[in-house]
Structure formats: structure tokens, C-alpha cells
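The values are calculated or read from the model by the stated rules, or taken from the named source; none is laboratory data. The model shown is predicted, which means the values in this text are computed figures rather than measured ones. Cβ: placed from backbone, ideal geometry, glycine included. Neighbour counts: every protein chain shown.
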Amino acid sequence: MIRAVVSAHVNASADFVRTLFEDPDNWAKLFPATIRGAHVVRRDHHRAVVEVSHIEGKVVNILQFISTARIDLTEFKRRYTATFTNEFIPDGEGMCYRITGIICLRWPYKLMSLFLKPIVVARMRRFIVEPLKGAAERNR
């Protein structure tokens, strides 16, 4: 298991950034390097099941709306299952976006967990935090 945390200050309101993130219809625009499309399969008050067309194929993501400041996303991929806790924390003129990932690798990748953490952190920053921050700051 790998635990990784990445955070960044975003010059936009926490509500605006959360709104961008919680709408899977926006994901292909927000995260174009990894997502080709996404649509909600089921939704209720506290959860949404999303089918995502990733570069590696279709996968299921589950969004859990924990609070106005937190959304958990569980992702089921071929090489791993991961839960990402996304926190939208008001901070002065903008907000702090913090994502904590708990990644459970499947065999044989599990053997390399110690070596993969720096790669996981770099990819979380490059493919999640930076695109969300950029979109929020451009469109606020």
C-alpha cells in the first residue's frame, strides 16, 4: 500500500473548485491527459458511480460526498485500487486543495511499492492537482 499526499494553494474559492471536481461531465476537459470521457451511471445524495474512459480503457469510479469540504473518490484499475480523499479548504483569498491517496497495488506491482511512491506523488501532482488548479484559476 502506498500513502501519498499532495497539496496546492489555488487562487479560486473552495466552492468553485469543488464544483469543478464533482461534475464528471467536466473531467475530460479538466484531466485531458488521462481521461477521454466520463458519465454518471448512478447517483444519490451522498454518492455517484461514474464510468470513466481512461487511456487504459473503461473503469469505475465512486465519488462519495462526505462534506462540503471533502469528496472521496475510489478508483478500480487493472494494476491497483485507490481511494483519493479530496479536500477543499478555504484559505484567505483562495483555497488549499489537498489530495491524499491510498493506493493498493495488485500483484506483481505490490512488490515495488517502496520504489513507486515518488512516481505516485509526481503523477498525482501532474495529472490531478495541476490541471484542477489551472482550470480553476483560468475560469474563476
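Note on the stretch 1-102: enclosed strands (runs of 3 or more DSSP E) holding 3 or more residues that are more than 27 Å from Phe115 (Cα to Cα) and either touching a strand residue (DSSP E or B) at 6+ places or on another chain (Cβ under 6 Å) or without any contact (Cβ under 8 Å) to a residue 40 or more places away in the chain (or both) are 35-43, 47-54, 57-67. Among the residues of the stretch 103-135, how many are of a type in the set (Val, Ile, Thr), surrounded by 15 or more Cβ atoms within 10 Å (Cβ to Cβ) and assigned to a helix (DSSP H, G or I)? Selection size over the stretch 103-135: 4. The condition of being touching a helix residue (DSSP H, G or I) at 6+ places or on another chain (Cβ under 7 Å), of a type in the set (A, V, I, L, M, F, W, C) and closer than 16 Å to Val5 by Cβ holds for only one of Phe31, Phe88, Phe127, Phe84, that being Phe88.
Taking the criterion of being under 27 Å from Trp107 (Cβ atoms), in contact with an Asp or Glu (Cβ under 8 Å, 6 or more places away or on another chain), charged (D, E, K, R) and surrounded by 15 or more Cβ atoms within 10 Å (Cβ to Cβ), the only residue of the stretch 30-84 that qualifies is Lys77. When Arg138 is tested against (1) at pLDDT below 95; (2) assigned to a strand (DSSP E or B), exactly one condition is not met: (2). Scanning the stretch 1-23 for residues that are under 30 Å from Trp107 (Cβ atoms) and surrounded by 14 or more Cβ atoms within 10 Å (Cβ to Cβ) gives Ile2, Ala4, Val6.
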